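All remarks here apply to the structure that follows.
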Amino acid sequence: KNSHVNIAVYNTMGKIVKTLVNESQSSGFRSIQWNGKNSNNDKVSSGIYFYSIQSGEFQSTKKMILLD
């Protein structure tokens, strides 16, 4: 069903590095790719980051490794 979707990338300190999606979307399959840059369009360093996906009642946070 249609829902507001929020996908954000966080550093290990819990600060938002970049918000990738923050809008209402219709149901269906989507994909998104993070280019390794922050909100100021600066390249971030290699390391561990977390991404959080929220949509309606669903919420999930996972760990990822950025290698440059």
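Here the Karplus relation 6.51 cos²θ - 1.76 cosθ + 1.60, evaluated at θ = phi - 60°, turns the backbone of the range 52-62 into coupling constants of 10, 10, 10, 8, x, 7, 7, 8, 8, 10, 10 Hz, with x for every Gly and Pro.
Per-residue Karplus couplings for the range 5-14, computed as 6.51 cos²θ - 1.76 cosθ + 1.60 with θ equal to phi - 60°, are listed in order as 10, 10, 10, 9, 10, 10, 8, 5, 8, x Hz, Gly and Pro entered as x.
For the range 17-23, the Karplus equation 6.51 cos²θ - 1.76 cosθ + 1.60, evaluated at θ = phi - 60°, returns couplings of 8, 7, 9, 8, 9, 7, 7 Hz by residue, with Gly and Pro reported as x. Over all orientations, the chain has a Cα convex hull whose mean projected area works out to 4.8 square nanometres. Taking 25 Å as the straight-line reach from the Cα of Lys37, the lysines in range (excluding those fewer than 8 positions away in the same chain) are Lys15, Lys18, Lys62, Lys63. Normalised per residue, the accessible area of the chain is 77 Å², obtained with a 1.4 Å probe and no contribution from ligands, DNA or RNA. In terms of the mean number of neighbouring beta-carbon atoms within 10 Å, the peptides 13-19, 62-68 order highest first as 13-19, 62-68. Here's how it looks for Val17: its modeled amide H is under 5 Å from those of Val9, Tyr10, Asn11, which are all 5 or more places away or on a different chain.
The values are calculated or read from the model by the stated rules, or taken from the named source; none is laboratory data. Here the structure is a predicted model, which is why all the values come from computation and not from measurement. Heads up, the Cβs are rebuilt from the backbone with ideal geometry, glycines too, and the neighbour counts pull from every protein chain shown. The protein model used for the area step is the full one, side chains on, heavy atoms only, and it has no ligands, DNA or RNA in it. Shrake-Rupley method; radii C 1.70, N 1.55, O 1.52, S 1.80 Å.
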